[in-house]
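Asks: Once you've had a glance at the structure underneath, I'll fire off some questions.
Nothing in this text is a laboratory measurement; each read-out follows from the coordinates by a stated rule. Model, not experiment: these values are computed from the prediction. Note that each Cβ is placed from the backbone with ideal geometry, even for glycine, and that neighbours are counted across all protein chains shown.
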Amino acid sequence: MLHISGHLRTERCVMGYGDSVHSVVVNCCGWDYYKKRDQIHQRPEGRLDYQLIYLCKGTGRFLLDNQWLSLSAGNIVLYRPGQPQFYSYYASEKAEVYWIHFTGTDCGNLMQKYEICDSYIGENSSLVNLFKDVITELQLKKKYYEDVVVNNFVKMLILICRSRRQRLMPSENNYTIDRLILQLNQSYMEKWTVSSMADYCRLSSGYFSHSFKNYTGKSPIHFLNDIRIEKAKDLLSANTLTISAVAALVGFSDPLYFSRVFKKSSGIAPQNFSRNTMTSNTPEWH
């Protein structure tokens, strides 16, 4: 077996460590590759901390709900504190796994918030990289490494949640529209129309409009105008440009239409927004 791991403490404890003071603490994290020898794990009383296992290659066998299951790459298994742990890896099945032990007062809430449970999430290179980063931080222990480790751990949970939901609800994941949204944020000043957005996504205009609104909750033009208005607020806050100039810079050819859209979106006319910003930025004299 090949084994690489990083630990919070220098000492080891088979039962792990519980923490009832801090919100989240990562006790240890590691990677194992079983290619020459079988390995059987038996912890009838479980551990004091949580354990999350990600099977990234090969196959592992786990006793879950009183049933032995053969799990393939892409599966995750969550063990809670005190939960019996029985699982094994056979050399012939060349299992490669990442695992992390964590504890703290907020862990239960995090598991619920990010819907972490035994499930198939698929192979995910970004998740593997986060495991590697956590191992490295726990090994080097540079200044503030505990904060980096916890932040990366929460990112792991988010990635797992997104990956799981992507497979359960593919309609919530539209990478074509995601790509358009990123493009709109970069080129909002261009002359976008529903037709040109649909062409960018290689969809018919009708299907695109329906899909976009289902995905974002807004029509394409409404979504674009919201981006433009936010950019306009930044420009108006500088108090160096006319309303017409700002309108043109953010993609509105008609200043009057820009003013109507701005007021509908912000509840205030752009002229008043500019005056209010100037007043708030002017120092008081005593």
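Asks: Taking each full run of DSSP H in the chain as one helix, which ones are at least 24 Å long along their axis (Cα atoms) and have mean Kyte-Doolittle hydropathy of at least -1.0?
Replies: Values: long enough: 145-168 (34 Å, 0.12); 220-237 (26 Å, -0.13).
Answer set is 145-168, 220-237.
Asks: What are the ³J(HN,Hα) values, in whole Hz, obtained from phi via the Karplus relation 6.51 cos²θ - 1.76 cosθ + 1.60 with θ = phi - 60°, for each residue of region 92-107 in sequence order, with x given for Gly and Pro?
Replies: So the J values, rounded to whole Hz, are 5, 9, 6, 6, 10, 10, 10, 9, 8, 10, 8, 8, x, 5, 9, 5.
Asks: Using the number of other C-beta atoms within 10 angstrom as an exposure proxy, rank 116, 181 with the fewest first. Provide the component values of the computation, followed by the final result.
Replies: Details: 116 19, 181 16.
The fewest-first ordering by Cβ neighbours comes to 181, 116.
Asks: Oh, and also: Answer with a single label: of (1) 30; (2) 50; (3) 24, which was calculated as percent of Cα pairs over 31 Å apart from the structure in view?
Replies: Among (1) 30; (2) 50; (3) 24, the one calculated here is (2).
Asks: Mind listing which trypsin sites (Lys or Arg not before Pro) in region 31-62 are in a DSSP loop and have 11 or fewer other Cβ atoms within 10 Å?
Replies: Working: sites: 35, 36, 37, 47, 57, 61; in loops: 35, 36, 37, 47.
Sparse-neighbourhood loop trypsin sites (Lys or Arg not before Pro): 36, 37.
Asks: Using the basic label-point model (7 angstrom from Cα toward the beta carbon), what is the residue 113 to residue 242 distance in nanometres?
Replies: Rounded to a tenth, the inter-label distance reads 4.9 nm.
Asks: Checking a compactness column here: for region 17-159, what do you get for Rg(Cα) / (2.2 N^0.38 Å), N being the number of residues? Present the calculation step by step, with values, prior to reporting the outcome.
Replies: Numbers: Rg = 14.7 Å, N = 143, 2.2 N^0.38 = 14.5 Å.
Output field value: 1.01.
Asks: Rounded to the nearest 500 deg cm²/dmol, what is the calculated helix-only ellipticity per residue at 222 nm for the chain, with -39500 (n - 2.57) per DSSP H run of length n ≥ 4? Before the final figure, lay out each step's value.
Replies: Working: 10 runs with 128 residues, N = 286.
Mean residue ellipticity at 222 nm (helix-derived): -14000 deg cm²/dmol.
Asks: When a footprinting reagent is the concern and you count Cβ atoms within 10 Å, what order do 111, 156 take, fewest first? Walk me through the intermediate numbers first.
Replies: On the way: 111 16, 156 27.
The order, fewest Cβ neighbours first, is 111, 156.
Asks: I need the calculated FRET efficiency for the pair residue 265 and residue 161, taking r as the beta carbon distance and R₀ as 45 Å, to the nearest 0.05. Please report the intermediate quantities before stating the final value.
Replies: Working: r = 31 Å, r/R0 = 0.70.
About 0.90, to the nearest 0.05.
Asks: Please work out the FRET efficiency for the pair residue 205 and residue 147, using the Cβ-Cβ distance as r and a Förster radius of 45 Å; give the result to the nearest 0.05. Could the numbers behind the result be given before it?
Replies: Values: r = 48 Å, r/R0 = 1.06.
For R0 = 45 Å, the calculated efficiency reads 0.40.
Asks: Further question on the same structure: Can you sort 148, 134 so the residue with the fewest Cβ neighbours within 10 Å comes first?
Replies: Details: 148 16, 134 26.
Result, fewest neighbours first: 148, 134.
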